[in-house]
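Read through the structure below, which is laid out as structure tokens, and then see the notes.
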Amino acid sequence: MAGFGQIFSKETQAIFYNWKPNPVQRMLDFDFLCGRPTPSVACVIQPGNDGGFQKVFFGKEEVAIPVCGSVPESTKLYPRADVFINFASFRSAFESTMEALQQPTIRVVAVIAEGVPEADTKKLIAFARANNKIILGPATVGGLQAGAFRIGDTAGTLDNIVACKLHRPGSVGFVSKSGGMSNEMYNVLSRTTDGLYEGIAIGGDVFPGSTLSDHCLRYQNIPQVKLIVVLGELGGTDEYSLVDALKEGKVSKPVVAWVSGTCAKLFKSEVQFGHAGAKSGGQKESAQAKNAALKEAGAIVPESFEGFEGTIKKTYDQLVADGAIVPQADVPPPSVPQDLEAAKKAGKVRVPTNIVSSICDDRGEEPTYAGVDMSTLMVGDRGVGDVIALLWFKRQLPKYATRFIEMCVMLCADHGPCVSGAHNTIVTSRAGKDLVSSLVSGLLTIGPRFGGAIDDAARYFKDAADRRLEPDEFVEDMKKQGIRVPGIGHRIKSKDNKDKRVELLQKYASKYFPSTKYLQYACRVEQYTLTKQANLVLNVDGCIGALFLDLLNSTSLFTQAEIEDIVKIGYLNGLFVLARSIGLIGHALDQKRLQQGLYRHPWDMVLYTK
Amino acid sequence: MARKKIREYESKRLLKAHIARLAGLQLPLNVAQVSASTDFVELLDNNPWLKSTKLVVKPDMLFGKRGKHDLVGLNLDFAGVEDFIKARMGRVVDMDGCKGAINTFIVEPFVPHDQEYYLCIQSNRLGNEISFSEAGGVEIEANWDKVKHLTLATLEELSSDKLAPLLSGLPLELRPKMEHFIKSCLQVFSDLDFTLMEMNPFTLDHTGQPFPLDMRGELDDTAAFKSGKKWGDLEFPLPFGRTMTAAEEYVHSLDGKTGASLKLSILNPKGRIWTMVAGGGASVIYADTVADLGYAEELGNYAEYSGAPNTAETYQYAKTLLDCATANPDGRPRALLVGGGIANFTDVAATFKGIIQAMREKAEAIRAANMSIFVRRGGPNYQAGLALMRALGAEIGVRIEVYTPDTSMTGICQLAAEHVKSFDG
């Protein structure tokens, strides 16, 4: 890093690796606060992506930040962007950082990930040294140059940036390991000095890509930096290279320094503190030894962290008194509109919701259906009937009822390949369409003529039974209106050849249902219609419709108004759609498995007519 | 990156397996591990070599100077090893002020030897340092001037020329073998993400094969995602003398499960100043400050949470910490420091929600422990977080003092100290 001074300016643009909306937005907000004419993010790399853009606010307007798919592509398109901000995970940070360092246009790479293997970082350090490039991190929040450029999340919220006067340059160069403490120190510097010029967090690893002394040496070369403040930490020997630089006169600007971790002596055995590099080890790596060495080398070292702020202030005031520093003027920042999300969180605005949902909640530790959590559903002897009860009826139903729902699903799941739904699905599947298209094409035939009779049967039976119409009156009434009684009649089945499915349902209901009022009514209707024609039997739709009414009534879990609603808005049709989807999926898959070719209806099966 | 010490057993196991894989070198190493639960019959079945050779046995618990503490058994048969271990299993020893019970041993072949060599490979910022000496063994420090060093830059190949000065003191006929061995060790070192590999001493057995008598190793645990398979089933034991309380162990397991960082070390279970601090850097400074104020003895713990843990994680963490902090009420006033600098991106309100939930749940214990709480924090959404804290004090009947980033970060340490002192007079 020899000869480096300033690495950022008001024109600096960065390539941002791995799209993260928050840090990118924070960078652009900072740009706006600083009065930058152009955003500091030239483009975003989303590996494998080919083009497009991401929308971000730049002040009050939205701008589109281009997306690139690879590092070489990004540097080719944006050769003036010389900072690479790497938000890759610790698993992939090495490869992407190395690739970035290899680009001739990239000068500085910030590696945010924590947990990059030591051997990998060492390779990056070796490459950067050989090629005169700068690495910030790993395990860092980054850094910023006040009034010019900010890396990612550095210095937090906009309020904080304004409070710490970071939107305009001051006179202090700051460097520390810790990102959190950097931000804290920017605050301290804003109270005690004219503010920060540049601040860098080198990261908490054992071997950071660039060191405390690397940045102090840079600050020495930046004329605007009049005072250097360093916050070191126990563990490692990095502070000693600063000691050497001070002794050799390579750093001659005043340095106020403190090395934290004096408490390590309290711990009897070796301790790993929060940062990977902060490990109590040998005497030389202790905070005490490093503070003493820095002091001896000429740094201004307080007695404790508590004294740090006072020492900085005293040193700064003296520099001002000596005329070495002319305090930088405060500049009022432009106001940045608050983000809706942040304003909502802070309780400053209220926003109407877009959707209301009352059947489930997926926000907690496990999803719940109508308040019943997944564990309860999975461990007991619950079935799909219970799930339907919860998600459709919003309540738990007794076992006999959920079992009945499951029986309906089983009975209605399929009715052969020739009915309109299955036929459509088969034709669609054979046309090479995907599963969903094939399924939907079959489902779309469900309606007044196919499968839709359950709802109508329930509606008419309920209306007639509730009005205590005699079955013959009901049937004749319908006839007068020209409506066929839904749920009555079958193409093949007849008086002496009853539908087996209907028999099974009736048998089940009479055994388990507390009352079968509506079924009995339907049977009386059937008795009457059978006097007219032998195939006017109660069919499976009619039976399910009537029994569902019985179910709803007999559980005493539903009010009459709720029952009316259920019948009106089409729950029972839902049951048929759900059940038949099982069969339709089967048909679609069957055709694919059998590798059936495109279906073409034969000419001779069509009557061509005028 | 975090360097973790591994047991001698693991170091030798890894060396044997991977030096064969990477360099085709078949070392005559054999190692067996014995813990309190080891079944000696089964051990013998799995390691038939234990029957056919004289053995060495010693504790394998990351401390040295074992010979000086009557903890090394030499030239024993298997029955002798069994007796040796049974006589020492569970024995509490004091190694330079760290007390702990012996619970893990390593057993390996006894190799009679005259010559003791020293080899150490150590990772540093710009490469690896390789140290070698023909005068290894317990007197290594006295003979430190005889140790030769070379620094190999990162990405630099270890050439024969480079290595020659290290081996210049060896008889000519030994040099090729030693050169091959050191190069092979370096291959293992790099391939397995070792950060330290030390053999003090190693020797050449009667067939002339290198044989590490004593070995220390450290691995970079952050490399687990790429080297974990090569390491196999491996634990990173705690430093000797450091045992974890149930609470510490629980937090350690929480830490392992989240992308955030959650740390807890108990210093004094009866301490009266406890900390729950956000941020790796700030947490150390809070502990420093309490000690600087003269309350080191009263500091209950070191604690750190960072990297934006979610509300549920913070809740579990805070609950565990509060259990420890309120476990030994003695009527005297106590303080909890809920501190932190100004966060860059951690949502203060979200983390505080977890802490508040825990405090609400533990309100009775907090009152019973006569504990006051001092809060100082800044960062995204801090106003909301601090407001929640302020409201909590009145709600649960606990004195909670809340400070904003306008005040010094460590100012609450002074308040806590005064609060604790108020009783002492």
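The values are calculated or read from the model by the stated rules, or taken from the named source; none is laboratory data. Quantities reported herein were computed from a predicted structural model and do not represent experimental measurements. Note that we place each Cβ from the backbone using ideal geometry, even for glycine, and neighbour counts take in every protein chain shown. All accessible areas refer to the heavy atoms of the entire protein, side chains included, with ligands and DNA or RNA removed. Shrake-Rupley method; radii C 1.70, N 1.55, O 1.52, S 1.80 Å.
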> For segment B:1-79, which fully contained strands (runs of 3 or more DSSP E) count at least 1 residues that are within 30 Å of A:V206 (Cα to Cα)?
Replying inline: B:3-6, B:55-59
> Which one is surrounded by the most Cβ atoms within 10 Å (Cβ to Cβ) among residues in segment B:101-123 that are more than 30 Å from B:E179 (Cα to Cα) and in contact with a Ser or Thr (Cβ under 7 Å, 6 or more places away or on another chain)?
Replying inline: B:T104
> Where residues in segment B:168-195 are farther than 30 Å from B:K4 by Cα and of a type outside the set (A, V, I, L, M), which of them is least open to solvent (accessible area, probe 1.4 Å)?
Replying inline: B:G169
>> I'm told A:S510 meets every condition in (1) in contact (Cβ under 8 Å) with a residue 40 or more places away in the chain; (2) farther than 26 Å from A:K433 by Cα; (3) hydroxyl-bearing (S, T, Y) except one. Can you identify the failing condition by its number?
In response: (1)
>> Return the residues of segment A:222-240 that are within 13 Å of A:S171 (Cα to Cα) and either within 13 Å of chain B (Cβ to nearest Cβ) or open to solvent by 10 Å² or more (accessible area, probe 1.4 Å) (or both); say none if nothing qualifies.
In response: A:P223, A:Q224, A:K226
> Just checking, which of B:D70, B:D77, B:D96, B:D60 is free of Cβ contacts under 8 Å to residues at least 60 places away in the same chain and closer than 14 Å to B:M215 by Cβ?
Replying inline: B:D60
>> One residue is enough: does segment B:40-55 have a residue meeting the conditions free of Cβ contacts under 8 Å to residues at least 12 places away in the same chain and under 15 Å from B:L76 (Cα atoms)?
In response: yes
>> Quick check on my filter: what residues within segment B:155-178 are in contact with a helix residue (DSSP H, G or I) (Cβ under 7 Å, 6 or more places away or on another chain) and closer than 19 Å to B:A135 by Cβ?
In response: B:L163, B:L167, B:L170, B:R175, B:M178
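Give the residue, chosen from A:V206, A:V162, A:V188, A:V175, that is touching a His at 6+ places or on another chain (Cβ under 6 Å) and either in contact (Cβ under 8 Å) with a residue 60 or more places away in the chain or within 13 Å of chain B (Cβ to nearest Cβ) (or both).
On inspection, the qualifying residue turns out to be A:V175.
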> Looking at A:A14, A:A42, which is the one that is touching a residue at least 40 places away in the same chain (Cβ under 8 Å) and under 21 Å from A:A93 (Cα atoms)?
Replying inline: A:A14
>> Can you report the number of residues in segment A:111-129 which are more than 24 Å from B:L192 (Cα to Cα) and either assigned to a strand (DSSP E or B) or within 9 Å of chain B (Cβ to nearest Cβ) (or both)?
In response: 1
>> Restricting to segment A:285-332, and then to whatever is of a type in the set (D, E) and within 14 Å of chain B (Cβ to nearest Cβ), can you tell me which residue is nearest to A:F273 (Cα to Cα)?
In response: A:E285
> How many residues are free of Cβ contacts under 8 Å to residues at least 40 places away in the same chain, within 14 Å of chain A (Cβ to nearest Cβ), among the small types (G, A, S) and open to solvent by 20 Å² or more (accessible area, probe 1.4 Å) when one looks only at segment B:225-261?
Replying inline: 2
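Would you check which residues across segment B:279-298 are more than 7 Å from chain A (Cβ to nearest Cβ) and among the small types (G, A, S) and list them?
Across segment B:279-298, the qualifying residue is only B:G294.
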> If you scan segment B:299-325, which residues turn out to be farther than 23 Å from A:K265 by Cβ, within 14 Å of another protein chain (Cβ to nearest Cβ) and within 22 Å of the chain's Cα centre (by Cα)?
Replying inline: B:Y305, B:S306, B:G307, B:Y317
>> From the list A:K344, A:K313, exactly one residue is of a type in the set (D, E, K, R) and under 30 Å from A:I228 (Cβ atoms). Which is it?
In response: A:K313
> Looking at segment B:267-278, which of the residues that are away from every other protein chain (no Cβ under 11 Å) and buried (at least 24 other Cβ atoms within 10 Å of the Cβ) is farthest from B:T314 (Cα to Cα)?
Replying inline: B:R272
>> Out of B:L321, B:L386, I need the residue that is under 26 Å from A:E365 (Cβ atoms) and in a helix (DSSP H, G or I). Which one?
In response: B:L321
>> Take B:L174 and tell me if it is within 14 Å of another protein chain (Cβ to nearest Cβ), more than 26 Å from B:A303 (Cβ to Cβ) and in contact (Cβ under 8 Å) with a residue 24 or more places away in the chain.
In response: no
>> Can you tell me which of (1) within 29 Å of B:F352 (Cβ to Cβ); (2) surrounded by 15 or more Cβ atoms within 10 Å (Cβ to Cβ) is the one A:R350 doesn't meet?
In response: (2)
> Restricting attention to segment B:15-71, which residues are open to solvent by 50 Å² or more (accessible area, probe 1.4 Å) and either among the β-branched types (V, I, T) or in contact with a Ser or Thr (Cβ under 6 Å, 6 or more places away or on another chain) (or both)?
Replying inline: B:V41
> Quick one: which of B:L264, B:L337 is away from chain A (no Cβ under 12 Å) and either open to solvent by 10 Å² or more (accessible area, probe 1.4 Å) or not aromatic (F, W, Y) (or both)?
Replying inline: B:L337
> When the residues of segment A:441-474 are filtered to those that are at pLDDT below 95 and of a type in the set (V, I, T), which remaining residue is nearest to A:E562 (Cα to Cα)?
Replying inline: A:I454
>> Would you confirm, using the coordinates I've provided, whether B:A368 is touching a residue at least 12 places away in the same chain (Cβ under 8 Å) and either under 27 Å from A:C164 (Cα atoms) or open to solvent by less than 10 Å² (accessible area, probe 1.4 Å) (or both)?
In response: no
> Considering segment A:143-159 alone, what residues qualify as being within 11 Å of another protein chain (Cβ to nearest Cβ), surrounded by 24 or more Cβ atoms within 10 Å (Cβ to Cβ), among the hydrophobic types (A, V, I, L, M, F, W, C) and not in a loop (DSSP other than H, G, I, E, B)?
Replying inline: A:L144
> Counting only residues that are exposed (fewer than 13 other Cβ atoms within 10 Å of the Cβ) and aliphatic (A, V, I, L, M), how many does segment A:329-347 have?
Replying inline: 2
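Being crowded, with 24+ Cβ neighbours inside 10 Å and at pLDDT 70 or above narrows it down to one residue among A:K295, A:K290, A:K253, A:K265; which is it? Spell out the reasoning first.
Values: A:K295 fails: crowded, with 24+ Cβ neighbours inside 10 Å; A:K253 fails: crowded, with 24+ Cβ neighbours inside 10 Å; A:K265 fails: crowded, with 24+ Cβ neighbours inside 10 Å.
Of A:K295, A:K290, A:K253, A:K265, the one residue that is crowded, with 24+ Cβ neighbours inside 10 Å and at pLDDT 70 or above is A:K290.
If you take the residues of segment B:196-224 that are among the hydroxyl-bearing types (S, T, Y) and crowded, with 18+ Cβ neighbours inside 10 Å, which of them is farthest from the other protein chains (Cβ to nearest Cβ)?
Once the filter is applied, the top-ranked residue is B:T203.
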>> So if I check each of A:A561, A:A579, A:A546, which one is outside any loop (DSSP other than H, G, I, E, B) and touching a Leu at 6+ places or on another chain (Cβ under 6 Å)?
In response: A:A546
> Which condition does B:K353 not pass, out of (1) within 14 Å of another protein chain (Cβ to nearest Cβ); (2) crowded, with 24+ Cβ neighbours inside 10 Å; (3) assigned to a helix (DSSP H, G or I), if it passes all the others?
Replying inline: (2)
